[in-house]
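Asks: Right, I'll just put the structure down here and ask away after.
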Amino acid sequence: MPDILHETRGRIAWTTLNRPEQRNAMTFAMYEGLVEQAERVTKDAGIRAWVITGAGGKAFAAGTDISQFREFKSGQDGLEYEKRIDRVLSAVEDCPKPVIAAIAGACTGGGLGIAAVCDLRIASANAKFGVPVARTLGNCLSTSNVSRFATLIGPAKLKELIFTARLMEAEEARAAGLISEILPTPEAVVDRAMDLAETVAGMAPRTLTATKFALKRLRLAAGQIQGDDLVELCFGSQDFREGMEAFLNKRAPNWTGN
């Protein structure tokens, strides 16, 4: 089976991240699949909403597949990676149709990035959210993603999550405004996502498009903040390479600050 599946259910586009044995960890090909689907959804006048979900019920997406980072040699590799990811997230964010994240299980790292650029997020009771990079890889978020997450949950909550590397349970995520609904099971999330997609598909398309684009413009109103030096600081460090190897070898990393 492909690692990312696309289908059309009436006027609803449906994308499933399909690596359940790897907790739907994102390969670069899967990220590109999201870009291609965003283009299809945008161009197809018959599609009125788009649902993104993860297979298996244990994860929406547990970040990027860490094995791909073994090819990284410098901070410049980190910059290229973050530019790639921002292009993918922007493609989803800039889709003029409503996009719904149907979340079950782990929604972390790059998976949380995907969910964050969706317009609506619903989750099952087993969902967990976070960016545990301070415990795992020693890398950092791009300034674009810091802005996205801080807009959703506030800078204080974001800082606390990153500094402690803990994961939010579903109830806390709802209280923080990250998700709008909690369903009892992953199966219930899928059913509710379809109902919700049909609801928004029946609304005035231009009203929805104007609203989502207006909110993005408000987020960007402060201007583009330069953050390449911060990405290079982390991705170019010995700590990043130590974190990556420790993660892949299932041991605790030895942070040195270098």
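Asks: Confirm whether residue 192 is in contact with a strand residue (DSSP E or B) (Cβ under 6 Å, 6 or more places away or on another chain), surrounded by 14 or more Cβ atoms within 10 Å (Cβ to Cβ) and of a type outside the set (A, V, I, L, M, F, W, C).
Replies: In short, yes.
Asks: In the range 67-76, which residues are touching a residue at least 12 places away in the same chain (Cβ under 8 Å) and over 18 Å from residue 32 (Cβ atoms)?
Replies: Result: 70, 72, 74, 75, 76.
Asks: Here's something else I'd like to know. Hey, among the residues in the range 30-51 that are in contact with a helix residue (DSSP H, G or I) (Cβ under 7 Å, 6 or more places away or on another chain) and not in a helix (DSSP H, G or I), which one's nearest to residue 64 (Cα to Cα)?
Replies: Checked the range 30-51; the qualifying residue nearest to residue 64 (Cα to Cα) is 51.
Asks: In the range 206-258, which residue that is of a type in the set (Asp, Glu) and crowded, with 16+ Cβ neighbours inside 10 Å is farthest from residue 22 (Cα to Cα)?
Replies: For the range 206-258, the residue satisfying everything is 232.
Asks: Turning to a different aspect of this structure: Looking at this structure, is residue 124 buried (at least 21 other Cβ atoms within 10 Å of the Cβ), closer than 19 Å to residue 166 by Cα, among the small types (Gly, Ala, Ser) and touching a helix residue (DSSP H, G or I) at 6+ places or on another chain (Cβ under 7 Å)?
Replies: It is true that residue 124 is buried (at least 21 other Cβ atoms within 10 Å of the Cβ), closer than 19 Å to residue 166 by Cα, among the small types (Gly, Ala, Ser) and touching a helix residue (DSSP H, G or I) at 6+ places or on another chain (Cβ under 7 Å).
Asks: Among the numbered criteria (1) of a type outside the set (D, E, K, R); (2) closer than 30 Å to residue 48 by Cβ; (3) surrounded by fewer than 19 Cβ atoms within 10 Å (Cβ to Cβ); (4) touching a residue at least 24 places away in the same chain (Cβ under 8 Å), which single criterion is violated by residue 115?
Replies: Only one criterion in (1) of a type outside the set (D, E, K, R); (2) closer than 30 Å to residue 48 by Cβ; (3) surrounded by fewer than 19 Cβ atoms within 10 Å (Cβ to Cβ); (4) touching a residue at least 24 places away in the same chain (Cβ under 8 Å) is unmet by residue 115, namely (3).
Asks: I've got another one for you. Go through the range 1-29 and count every residue that is more than 21 Å from residue 131 (Cα to Cα), assigned to a strand (DSSP E or B) and not basic (Lys, Arg).
Replies: Final tally of qualifying residues: 10.
Asks: Would you mind telling me which numbered condition in (1) in contact with a Gly (Cβ under 9 Å, 6 or more places away or on another chain); (2) over 24 Å from residue 91 (Cα atoms); (3) buried (at least 22 other Cβ atoms within 10 Å of the Cβ) residue 131 fails?
Replies: (2)
Asks: Give the residue that is surrounded by the most Cβ atoms within 10 Å (Cβ to Cβ), with candidates limited to residues of the range 20-79 that are of a type in the set (Ser, Thr, Tyr) and under 30 Å from residue 203 (Cα atoms).
Replies: 53
Asks: Now for a different question. Go through (1) surrounded by fewer than 18 Cβ atoms within 10 Å (Cβ to Cβ); (2) β-branched (Val, Ile, Thr); (3) in contact (Cβ under 8 Å) with a residue 40 or more places away in the chain for residue 179 and report which single condition fails.
Replies: (1) is the only condition that residue 179 fails.
The numbers here are math on the coordinates, done by the rules we state, and not lab data. Predicted model only: the values in this text are computed from it and were never measured. Here the Cβ is made from the backbone with ideal geometry for all residues, glycine too, and neighbour counts use every protein chain on show.
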